[in-house]
């Protein structure tokens, strides 16, 4: 199964015999899925459904369009917003 670059997924990793999940954005589809080609959001959790819910919210975005590329997926980043597609911010550093 190929995963689209920029897509948010629930990334599972085994820790102490328990699979823990974290929201992750695919950064590079030319590599196998691993920590090196994912951008992570939030902490690990054993609740996969909760992480999938976070992924759906991240996919939907804030409803505002990116000022640079026009993507409707701006995400909160502190007091600002960042575009997961091109990396532009809404004015914060």
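Within the stretch 28-57, the only residue that satisfies the criterion of being within 13 Å of the chain's Cα centre (by Cα), modelled with pLDDT under 80 and closer than 20 Å to residue 85 by Cβ is 28.
Surrounded by fewer than 18 Cβ atoms within 10 Å (Cβ to Cβ), in contact with a helix residue (DSSP H, G or I) (Cβ under 8 Å, 6 or more places away or on another chain) and either without any contact (Cβ under 8 Å) to a residue 40 or more places away in the chain or part of a strand (DSSP E or B) (or both): which single residue out of 42, 70, 87 fits that description?
42
Every residue in the stretch 4-39 that is free of Cβ contacts under 8 Å to residues at least 24 places away in the same chain and in a strand (DSSP E or B), please. Those that are free of Cβ contacts under 8 Å to residues at least 24 places away in the same chain and in a strand (DSSP E or B): 14, 24, 26. Restricting the search to the stretch 71-88, which residues are closer than 13 Å to residue 41 by Cα and more than 11 Å from the chain's Cα centre (by Cα)? Across the stretch 71-88, the qualifying residues are 76, 77, 78, 82.
The values are calculated or read from the model by the stated rules, or taken from the named source; none is laboratory data. Quantities reported herein were computed from a predicted structural model and do not represent experimental measurements. Using ideal geometry, Cβ is built from the backbone for each residue, glycine included, and neighbour counts are taken over all protein chains shown.
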